[in-house]
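Structure, as structure tokens:
The values are calculated or read from the model by the stated rules, or taken from the named source; none is laboratory data. Small disclaimer: the values here were computed from a predicted structure and weren't measured. Cβ placement follows ideal geometry from the backbone for every residue including glycine, while neighbour counts extend to all protein chains displayed.
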Amino acid sequence: MEPTHLLPDSDLNKYWRWHWAVWMIIICVPQLILALGLPYPGYLILGITFAVSVVIFILIRLYLPLYYDSLTYMLEDDVVVGTRGVFWKKRVTVPLRRITNIDTSQGPVQRMFGLGTIHLQTAGAGGAQGAVAELRVEGMKEFESVKDRILSLLRAYHDRRAASAGEASPGGDAAPAANAPLAGDTAQAMLEELRAIRRQLEQS
């Protein structure tokens, strides 16, 4: 199967601009009001703080489009890849075999723009459900469809894995022979991983 390339929706840029504009008003307007009412040197100190805050927000406003352009995601047969970063590029590769949980989130402001985020958690990085995701696929309009697509890839991957195991076993049996157990730690890790995947697939 050809890799599927995903790009965040252009409304993600609008969402970020709106978000930072609100924060600029919350932080800068009180500083300006206080500076106008304070005697020297109070108004000078607050005036400098206000000017620094404005410069910081201007730099953030200039940075956001560059960061948006750096966001790319790719779905392959056995991995999900995310790339981001303007000055320092970061590439996160999540193997399907390690995914233990797939969540979606949509805050109230994101709903205004019709955007959502998919969180991919793994046994190694995400830990328990609700922990920080190893990869976030953000800025998607059809985020539930993207989640379903990843779940479909996950099912297909484990179907291929089960079929390969069946072909490799004597007589084509899908299950390994009872007298050939895996090492204790490896078997336990695989059992926990398969249980987590089964719970996720049952919830979908």
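Annotations for the structure displayed:
- Filtered residue count, the stretch 54-75, keeping only those that are without any contact (Cβ under 8 Å) to a residue 40 or more places away in the chain and in contact with a strand residue (DSSP E or B) (Cβ under 6 Å, 6 or more places away or on another chain): 1
- Given (1) part of a helix (DSSP H, G or I); (2) modelled with pLDDT under 90; (3) under 15 Å from the mean Cα position of the chain (by Cα), number of the condition VAL146 does not satisfy: (2)
- In the stretch 167-189, the residues that are at pLDDT 55 or above, of a type outside the set (A, V, I, L, M, F, W, C) and either in a loop (DSSP other than H, G, I, E, B) or within 34 Å of the chain's Cα centre (by Cα) (or both): SER169, GLN188
- Enumeration of residues in the stretch 1-15 that are part of a helix (DSSP H, G or I) and touching a strand residue (DSSP E or B) at 6+ places or on another chain (Cβ under 9 Å): ASP11, LEU12, ASN13, TYR15
- Residue identified as of a type in the set (Gly, Ala, Ser) and touching a residue at least 12 places away in the same chain (Cβ under 8 Å) among ALA51, ALA35, ALA21: ALA35
- So VAL54, is it assigned by TED's automatic domain parsing to the domain that holds HIS19 and over 23 Å from LEU12 (Cβ atoms): yes
- Scoring TYR43 on the criteria (1) more than 25 Å from TRP16 (Cα to Cα); (2) in contact with a strand residue (DSSP E or B) (Cβ under 6 Å, 6 or more places away or on another chain); (3) surrounded by 14 or more Cβ atoms within 10 Å (Cβ to Cβ); (4) modelled with pLDDT under 85 leaves a single failure, condition (2).
- Residues located in the stretch 1-57, provided they are of a type in the set (S, T, N, Q) and either more than 30 Å from LEU153 (Cβ to Cβ) or in contact with an Asp or Glu (Cβ under 9 Å, 6 or more places away or on another chain) (or both): THR4, GLN31, THR49, SER53
- Neighbours by Cβ (under 9 Å, 6+ apart or cross-chain): first from the stretch 100-122, farther than 14 Å from HIS19 by Cα and in contact (Cβ under 8 Å) with a residue 12 or more places away in the chain; second among the aromatic types (Phe, Trp, Tyr) and in a helix (DSSP H, G or I): THR104/PHE143; SER105/PHE143; GLN106/PHE143; GLY116/PHE143; THR117/PHE143; ILE118/PHE143
- Selected residue (criterion: nearest to ARG91 (Cα to Cα)) from residues of the stretch 118-143 that are at pLDDT 80 or above, of a type in the set (A, V, I, L, M, F, W, C) and in contact with a Lys or Arg (Cβ under 8 Å, 6 or more places away or on another chain): LEU120
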